[in-house]
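Presented below is the structure to which this report refers.
The values are calculated or read from the model by the stated rules, or taken from the named source; none is laboratory data. Computed from a predicted structure; not experimentally measured. Cβ atoms come from the backbone with ideal geometry, glycine included; neighbour counts cover every protein chain shown. Side chains are part of the model used for accessible areas, which takes the heavy atoms of the whole protein and leaves out ligands, DNA and RNA. Shrake-Rupley method; radii C 1.70, N 1.55, O 1.52, S 1.80 Å.
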Amino acid sequence: MIPGDGIGPAITDAVVRILEAAGADIEWDRQLAGVAALEDRNNPLPPETLESVRANCIALKGPLTTPVGTGFRSINVALRKEFDLYANVRPAHTIVPNGRYRDIDLVLVRENTEGLYSGIEHYIGIGDDRRAAAESVMIVTRFGVERIIRYAFEYAVANGRRKVTLAHKANILKYTQGLFLDIGREISSEYEGRVEFEDVIVDATAMWLVMDPYRFDVIVTENMFGDILSDLIAGLVGGLGLAPGGNIGKDVAIFEAVHGSAPDIVGRGIANPSSLLLSAVMMLEHMEMRGPAERIRRAHVETVHAAENLTPDLGGSGSTDTFTDAVIRRL
Ligand code: NAI
């Protein structure tokens, strides 16, 4: 457990209380990262934290502040790199009633290690202008594509999903995105008769997500497209406050709230624990603790529907503690 900083410790405490009340038998090994670790250990990513994650294979992580401009680089990115967490899984379910769409139930699987976010960039100087041009390289490897596409199909099979949509831009980026699409088609044939497959150009995917999100089920895509589409999908169900996420690798999985450390509300007791709670539910499902996962999911939805003790971001006047108590009462 990495509680994080800002509102992290408060929402982590709330989540631990709910998991305990739901009967999830988990022993937490609490470790520091980010600002909290820098203050305590003079290192934003101490070796003890990495060792704990490596030994336990599963982590739940609160938000970590990334200093802008100066200071250490993003610990979130460092953790993804360290443990080769190649699949970013972002489910979206309608929870808040009377939103724009009813009954949304989608999952986006984003490739998390390569593509245009590989970080290979440079300037090209012309004459006196050292920054006359800039280039970024999009890296797509057969290894990287095969494992993310296979992950999406295996996820679909394990979770009783009917269809995988591959969102791409192979019409313009014929090599990089062409390879992504070709490998996707190859692998899809292994799942014929079990999981449907379609490919859709990414810009059209964005339009269809807004016009008719129900035509999608599991969407798999490269890193940057996934970054953008996953926030779009969160918007379909009321924004980032209720959006969970998991970063999955071969040996290690880290589940985290999608929002940040919310410095503007730290210490006010009004942080909404829902995003971290739903990430913890994903974690329980990953650990095959489906009983507690299902109980928490149901209690949480019922609490939100009853508009009971909702935190101010959801339009209520409750607090982190009263909302947490309300979820526990409904377990
Ligand atoms: P943010 O997500 O922390 O806050 C944006 C707005 O949403 C704020 O008004 C905040 O009060 C509200 N908010 C966020 N989570 C909430 C919750 N659980 N309950 C109620 N209200 C909530 O984004 P911001 O301000 O851009 O980033 C703050 C810091 O967090 C930055 O240092 C950023 O780098 C870091 N960050 C970390 C992430 C992570 O650890 N995965 C993800 C995103 C940002």
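Within the range 188-198, can you find the residues that are out of contact with any helix residue (DSSP H, G or I) (no Cβ under 6 Å at 6 or more places or on another chain) and either in a strand (DSSP E or B) or buried (at least 16 other Cβ atoms within 10 Å of the Cβ) (or both)? Correct list: Ser188, Glu196, Glu198.
Against the conditions (1) open to solvent by 10 Å² or more (accessible area, probe 1.4 Å); (2) assigned to a helix (DSSP H, G or I), Ala307 satisfies every one except (2). Look at the range 276-300: where a residue is at negative phi and a partner is open to solvent by 10 Å² or more (accessible area, probe 1.4 Å) and charged (D, E, K, R), sitting 6+ places away or on another chain with Cβ atoms under 7 Å, you get Ser279/Glu256; Val281/Arg297; Ala293/Glu285; Ala299/Arg330.
Residues in the range 239-272 that are within 7 Å of the ligand (Cβ to nearest atom) and part of a loop (DSSP other than H, G, I, E, B): Val258, His259, Gly260, Ser261, Ala262, Ile270, Ala271, Asn272. For beta carbons closer than 7 Å, sequence separation of 6+ or different chains, a first residue in the range 108-124 that is of a type in the set (Ser, Thr, Tyr) and a second that is crowded, with 19+ Cβ neighbours inside 10 Å and modelled with pLDDT of 95 or more, the qualifying pairs are Thr113/Tyr86; Thr113/Gly144; Tyr117/Asn223.
Residues in the range 54-74 that are modelled with pLDDT of 90 or more and either more than 15 Å from the chain's Cα centre (by Cα) or more than 13 Å from the ligand (Cβ to nearest atom) (or both): Arg54, Ala55, Asn56, Cys57, Ile58, Thr65. When we screen Ala293, Ala262, Ala257, Ala280 for residues that are surrounded by fewer than 24 Cβ atoms within 10 Å (Cβ to Cβ) and touching a helix residue (DSSP H, G or I) at 6+ places or on another chain (Cβ under 8 Å), the only hit is Ala293.
For Glu288, state whether it is at pLDDT below 95 and more than 23 Å from Asp103 (Cα to Cα). Yes.
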